[in-house]
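Please treat every number below as a calculation from the coordinates, not as lab data. Computed from a prediction, not measured in an experiment: that's the story for all the values here. Every residue, glycine among them, receives a Cβ derived from its backbone with ideal geometry; neighbour counts consider all protein chains shown.
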Amino acid sequence: MSSTMIDLFLRSLWETVLMTGASGAISFVFGLPLGLALVVTDRGGIAQNLWVNRILGSIVNGFRAVPFIILLVALIPLTRLIAGTSIGTWAAIVPLSIAATPYYARIAEVSLREVDRGLIEAVRAMGGSRWTIVREVLVPEAMPGIVAGFTVTLVTLVGASAMAGAIGAGGLGDLAIRYGYQRFETSVMIAVVSVLIVMVCALQWAGDRLVARLDRRVA
Amino acid sequence: MASRRVKDDKMNQHVSALASNGALAAAAGGAGEPVVRLIDVRRHFGPTAALDGVSLTVGKGEIVGIIGRSGAGKSTLIRCLNGLERPDSGEVHIEGREIGRLGENQLQPLRRRIGMIFQHFNLLSAKTVEENVALPLKIEGVSRPERLRRAAELLELVGLAGKAKAYPASLSGGQKQRVGIARALAARPALLLSDEATSALDPETTRSILALLRDINRQLGLTIILITHEMEVVRSIADRVAVIDAGRIVEEGEVWKVFADPQSDITTSLLQGIRPQLPAEIAQRLSPTLGSEAVLRVDIAGEAALGPLLADLGGQAGAFRFIHGGIERVQGRPVGTLFLAVPSGEPDLLRTVQFLTGRGARVEVLGHVFDND
């Protein structure tokens, strides 16, 4: 590979890291509260409100039903509003975050739902408020699942960011399509795929390590 | 001889006490303001009544056992006491305050006056033992050093001083329940609710947990209400027992009296496992009329069970065969059930029954058997 190619490669790597990291962080910040809201407003939840629950559930399902590539294009007006442009890495972070947030919300919801109801009852019985239950029971007890789910979301985002090349976002996936596929540069394709594999493995490994450290449910 | 006579008088008093079991129980609420007073509490789930008009009074420092089969309504009842469950009608008074109509926010400070322990312990797995114990204090807004100091004190009390930094997953069931107890006591409650707290534990651990609750009751004067489906638990710890069936309290009284003279079928059946029963092979051979021997069930309790009853029976009434049974201690009182076989002949049988009844025993002729088969 030439030095321009290596520069291009490194820039693409950075773009992928940036897209994955930024949209991952945003989907965590919004997805976790959304997942919590889905759990607490559901029937038998600590803040049962079935109307809110249905509306949130429908919004989440709506966004999850739309294929990402369509979402990417459909959200262009919104992207322009938020990022100031509809082209480039930062522009891609908007649709990536919007797709990943409901995805992560569902994953977080599953973990939060698995928290033993007895624990919630115990904290209610000691006079804890709803907020106490969220802070002391739901989130800490579900934390291993919340982190494991976040790892899954990040890995998914690495893959999804490849499609963001469609709006000129760059990234490794885009590099592989333009050089490896369209220009038949097999070495670029192999290099990109290898780096992606290493990246995903590293993410998964780090996530698993963190989960193991957080999980106190077994001795 | 004189002292004998005095004793006999006491026995007679006891007999009348046995008869008015229910009436005494109503007055046994204890002195001063009761900690808990339930008045005609009802709670329905759909068409089924979980609680169908329950009234109960618990005095300060008492240990009251609420026993019933699963589905009898005991879980709903205990949850009404800290507002986890709201009655449809009736009144729930805790330390003189009616809580049935309080909102969730008003209930929260009140719940801090009530500790609760659970069958499955319900310890937070992500928190250490001391953080679990300190949690009620955190909710109350106590500073961290202060609540950890109190947690250490409580872990000392329950015998787990060395486990402060451990996580619950590394503890045995008995240790987990000790942490549960320490946590329930953290906010210095006036009342401790125990929801089947020993049902998931083996018999030996159960004994040690019950002994701990007893100690705490004595040391701190803490009122304890425990629900259970095991009479053994009631026997080893409770002062008073309420038997609940289909959402109603069918029987209530001092434990030893209920053991000695159960009034309801449910109580009798709940007692079956731990009270002497007529051996099955004899029960099968019983005939209502025919036989050379009558089989008697003799229930005695209190003072009546202290004298040399059987020796006197042999001396004064005639021959008998001791088939099965014995006398045990409940709340420090002797409670006995004996199964005797006596000759079926009219005068012998009548004399025996009269003698035993005269000594304050309850006698029931269960049937007849031939002694040679």
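Would you kindly give the portion of the calculated P(r) for the range B:234-307 that falls above 21 Å, as a percent of all Cα pairs?
Beyond 21 Å sits 42 percent of the P(r) for the range B:234-307.
Once you mark the trypsin sites (Lys or Arg not before Pro) that are in a DSSP loop and have at most 12 other Cβ atoms within 10 Å, what is the longest gap between them in chain B?
After excluding every exposed loop site, the longest remaining stretch is B:166-373.
Pop out the ³J(HN,Hα) list for the range B:286-298 in order, Karplus 6.51 cos²θ - 1.76 cosθ + 1.60 with θ = phi - 60°, rounded to Hz; leave Gly and Pro as x.
5, 10, x, 10, 8, x, 8, 10, 9, 9, 10, 9, 10
How many nm is it between the label spots at residue B:285 and residue B:250, if each spot is 7 Å from the Cα in line with the beta carbon?
3.2 nm
Test of understanding: express the Cα radius of gyration of the range B:280-369 as a ratio to 2.2 N^0.38 Å, with N the residue count. Could the numbers behind the result be given before it?
On the way: Rg = 12.9 Å, N = 90, 2.2 N^0.38 = 12.2 Å.
Dividing the Cα radius of gyration by 2.2 N^0.38 Å gives 1.06.
Among A:89, A:41, A:101, which one shows the highest mean-square fluctuation when chain A is modelled as a Gaussian network with alpha-carbon springs under 10 Å?
A:41
Just in the range A:175-219: which trypsin sites (Lys or Arg not before Pro) are loop by DSSP and have at most 15 other Cβ atoms within 10 Å? All intermediate terms of the calculation are to be shown ahead of the outcome.
Values: sites: A:178, A:183, A:209, A:213, A:216, A:217; in loops: A:183, A:216, A:217.
Sites meeting the loop and neighbour criteria: A:183, A:217.
Of B:305, B:186, B:280, which has the largest mean-square fluctuation in a 10 Å C-alpha GNM of chain B?
Judging by the Gaussian network model, the answer is B:280.
When chain A is modelled as a GNM with alpha-carbon springs shorter than 10 Å, which of A:105, A:125, A:65 fluctuates the most?
So, out of A:105, A:125, A:65, the one fluctuating most is A:125.
Taking the 0 to 90 degree range and rounding to the nearest ten, how far is the long axis of helix A:50-65 tilted relative to the main principal axis of chain A, both from C-alpha atoms?
Orientation of helix A:50-65: about 20 degrees from the principal axis.
Hey, for a label at residue B:310 modelled as a point 7 Å past Cα toward Cβ, could you say which residues of the range B:325-360 have their backbone N under 14 Å away?
B:325-328, B:336-342
Compute the normalised compactness of the protein assembly as shown: alpha-carbon radius of gyration over 2.2 N^0.38 Å, N being the residue count. All intermediate terms of the calculation are to be shown ahead of the outcome.
Numbers: Rg = 34.8 Å, N = 592, 2.2 N^0.38 = 24.9 Å.
Normalised Cα radius of gyration, the protein assembly as shown: 1.40.
What number do you get for the range A:1-139 when its Cα radius of gyration is normalised by 2.2 N^0.38 Å, N = residues?
Working: Rg = 19.4 Å, N = 139, 2.2 N^0.38 = 14.3 Å.
Rg over 2.2 N^0.38 Å, computed on Cα atoms: 1.35.
Around residue B:194, which amide H atoms from residues at least 5 apart in sequence, or from another chain, sit under 5 Å from its own amide H, with H modelled in the peptide plane?
Residues meeting the criterion, in which the H sits 1.01 Å from N, are B:117, B:225, B:226, B:227.
If you line up the long axis of helix A:139-163 against the longest principal axis of chain A, both from Cα atoms, how many degrees apart are they, to the nearest 10?
Taking the Cα atoms of chain A, the angle to A:139-163 is about 20 degrees.
Give the long-range amide H neighbours of residue B:35: residues separated by 5 or more places, or on another chain, with amide H under 5 Å away, using H modelled in the peptide plane at 1.01 Å from N.
It is B:58, B:59, B:60, by chain and number.
Can you work out the PRE-style zone for residue A:14? Point 7 Å along Cα to Cβ, and I want the residues of the range A:92-115 with backbone N under 12 Å.
none
From a point 7 Å beyond the Cα of residue B:211 in the direction of its Cβ, which residues of the range B:148-170 have a backbone N at a distance under 14 Å?
Within reach of a label on residue B:211: B:158-159.
Are there any GluC sites (Glu not before Pro) in the range A:112-172 that are in a DSSP loop and have at most 16 other Cβ atoms within 10 Å? List them by number.
On the way: sites: A:114, A:121, A:136, A:141; in loops: A:114.
Those that pass, being in a loop and sparsely packed, are A:114.
Once both labels are modelled 7 Å past Cα along the beta-carbon direction, what's the residue B:55-residue A:129 spacing in nm?
Calculated label separation equals 3.9 nm.
So what are the ³J(HN,Hα) numbers for the range B:196-207, from phi and the Karplus equation (6.51, -1.76, 1.60; θ = phi - 60°), rounded to whole Hz, Gly and Pro as x?
Coupling constants for the range B:196-207: 6, 5, 10, 5, 9, 10, 6, x, 5, 5, 4, 4 Hz.
List the residues whose amide H sits under 5 Å from the amide H of residue B:250, counting only those 5 or more places along or on another chain, with H placed 1.01 Å from N in the peptide plane.
Those qualifying (amide H under 5 Å, at least 5 residues apart or on another chain) are B:243, B:244, B:245.
Over all distinct Cα pairs, what is the inverse of the mean 1/r for the range B:154-235, reported as the Kirkwood hydrodynamic radius in Å?
On the way: mean 1/r = 0.0762 Å⁻¹.
About 13.1 Å for the range B:154-235.
Grab the Cα-Cα distance for residue B:45 and residue B:324, subtract it from 0.36 nm times how many residues apart they are, and report the gain in nm with one decimal. The partial results should precede the final answer.
Numbers: separation 279, 0.36 × 279 = 100.44 nm, distance 4.49 nm.
Answer, rounded to one decimal: 95.9 nm.
Please list the equivalent ellipsoid semi-axes of chain B, computed as the square roots of five times the alpha-carbon gyration tensor eigenvalues, in descending order and whole angstrom. Provide the component values of the computation, followed by the final result.
On the way: eigenvalues 417, 97, 75 Å².
With the √(5λ) rule applied to chain B, the semi-axes are 46, 22, 19 Å.
Using the structure shown, list the pairs from B:74/B:257; B:74/B:165; B:138/B:176 with a Cα-Cα distance above 25 Å, or answer none.
B:74/B:165
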